[in-house]
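The values are calculated or read from the model by the stated rules, or taken from the named source; none is laboratory data. Since this is a predicted model, take the numbers as computed values, not measurements. Reconstructed Cβ throughout: ideal geometry from the backbone, glycine too, with neighbour counts over all protein chains shown. SASA here: full protein model, heavy atoms, side chains in, ligands and nucleic acids out. Shrake-Rupley method; radii C 1.70, N 1.55, O 1.52, S 1.80 Å.
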Amino acid sequence: MYVDLHTHSTASDGSSTPAGLIKEAVEMRLEAIALTDHDTQEGIAEARTAAERTGLRLVPGVELSLDWDKGGMHMVVLWLEPGSGPLQDRLAALQHARANRNDRMVALLQDLGVDITIEELLEEAGGGSVGRPHMAAILVRKGHAEDIQDAFNRFLAKGAPAYLGRDRLLPEEGIRLARESGAVPVLAHPHTLGVDNRFEFADLMERLVDAGLVGVECHYGTYERDGRSGMVAMARRFGLIPSGGSDYHGTYKPDVALGTGRVGIPVPRDVMDELEVHRGIG
């Protein structure tokens with residue numbers, strides 16, 4: 001049986017509703033799925049209700065964007081229960097800061113001659129957390145970009161004219177809050193870290209392990225089979241558990257399929273079993 005421990009819904013920047021995501025996972029005959037929307041758990045309740053009607057197991061989670069200047073550092077936090085808690089409370093503050101950033105980015109786009117309003121951005125998000133992919137979708141629909149990637153390149157990516165940074169947790173802080181909340185922190189898609197030197201990469205892994213990191217994504221949606229094997233060996237070398245997931249966003253990443261990613265390789269069930277041992281251990 002197979003699992004997918006990295007997915008997104010309309011609660012952040014996916015195109016499937018939380019309930020729709022569960023339906024898709026059942027159709028894919030997955031055994032378990034983790035809903036890991038960006039900096040929010042607003043979709044967990046809906047997904048959980050939908051999953052309870054099926055044999056699918058839902059792992060509540062979130063994906064954190066961390067403060068890392070060399071590239072993009074994201075952390076998938078698994079078995080994070082919605083409600084009050086060290087990390088959950090910080091997520092509420094991050095969501096408030098994210099809303100302010102969206103207002104300012106819309107104003108920048110308007111200054112660039114783009115016909116966009118915060119109201120239609122909220123509508124595009126369908127009531128979930130608003131992010132840059134929603135802005136990109138509007139830009140494409142109104143003819144300001146050819147596709148989502150073009151919208152990012154021209155307007156929304158770091159260094160582009162409408163880009164603004166946002167509040168982020170430091171890596172050690174994110175790991176600490178996750179562990180204090182009884183959840184399991186996993187470094188997501190390490191290829192985006194922007195670290196090419198293997199010695200620098202080793203130093204970073206040791207730093208994160210010392211902070212309490214549990215796993216790293218090795219069975220990622222765009223990694224080929226040989227690459228996954230190498231990543232698993234790397235993870236074991238640092239005492240980390242090789243996690244995995246598709247990073248599914250629906251139509252916002254149309255070439256990435258739920259359960260198997262871009263390369264058509266599923267994530268084995270024993271990945272989840274090994275990670276769950278660390279659940280609730282602060």
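Assorted remarks:
- Listed by position, the helices (runs of 4 or more DSSP H) inside region 101-160 whose residues that are closer than 14 Å to S12 by Cβ, touching a residue at least 60 places away in the same chain (Cβ under 8 Å) and open to solvent by less than 20 Å² (accessible area, probe 1.4 Å) number at least 1 are 118-125, 132-141.
- Selection within region 246-277: residues that are open to solvent by less than 50 Å² (accessible area, probe 1.4 Å) and closer than 14 Å to H191 by Cβ. The member of this set that is farthest from the chain's Cα centre (by Cα) is V263.
- Within region 193-216, residues that are within 14 Å of K70 (Cα to Cα) sit with their Cβ atoms under 7 Å from residues that are of a type in the set (K, R), at 6+ positions apart or across chains, in these pairs: L193/K70; G194/K70; V195/K70.
- Looking only at region 44-77, and only at residues there that are at pLDDT below 95 and closer than 19 Å to V256 by Cβ, the one that is least open to solvent (accessible area, probe 1.4 Å): S65
- A single member of V26, V3 is crowded, with 20+ Cβ neighbours inside 10 Å and among the hydrophobic types (A, V, I, L, M, F, W, C), and it is V3.
- Filter result (out of contact with any Gly (no Cβ under 7 Å at 6 or more places or on another chain), farther than 28 Å from G212 by Cα and not in a helix (DSSP H, G or I)) within region 240-256: K253, P254, D255
Residue by residue, here is whether (1) buried (at least 22 other Cβ atoms within 10 Å of the Cβ); (2) outside any helix (DSSP H, G or I); (3) out of contact with any Asp or Glu (no Cβ under 9 Å at 6 or more places or on another chain) holds:
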{"position": "G165", "(1), (2), (3)": "no, yes, yes"}
{"position": "E172", "(1), (2), (3)": "no, no, no"}
{"position": "I175", "(1), (2), (3)": "yes, no, yes"}
{"position": "V186", "(1), (2), (3)": "yes, yes, no"}
{"position": "T192", "(1), (2), (3)": "no, no, yes"}
{"position": "F201", "(1), (2), (3)": "no, no, yes"}
{"position": "E206", "(1), (2), (3)": "no, no, yes"}
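- The strands (runs of 3 or more DSSP E) found wholly in region 1-88 and carrying at least 1 residues that are among the charged types (D, E, K, R) occupy 2-7, 57-66.
- Unmet criterion (only one of (1) touching a residue at least 60 places away in the same chain (Cβ under 8 Å); (2) open to solvent by less than 50 Å² (accessible area, probe 1.4 Å); (3) at negative phi) for G182: (3)
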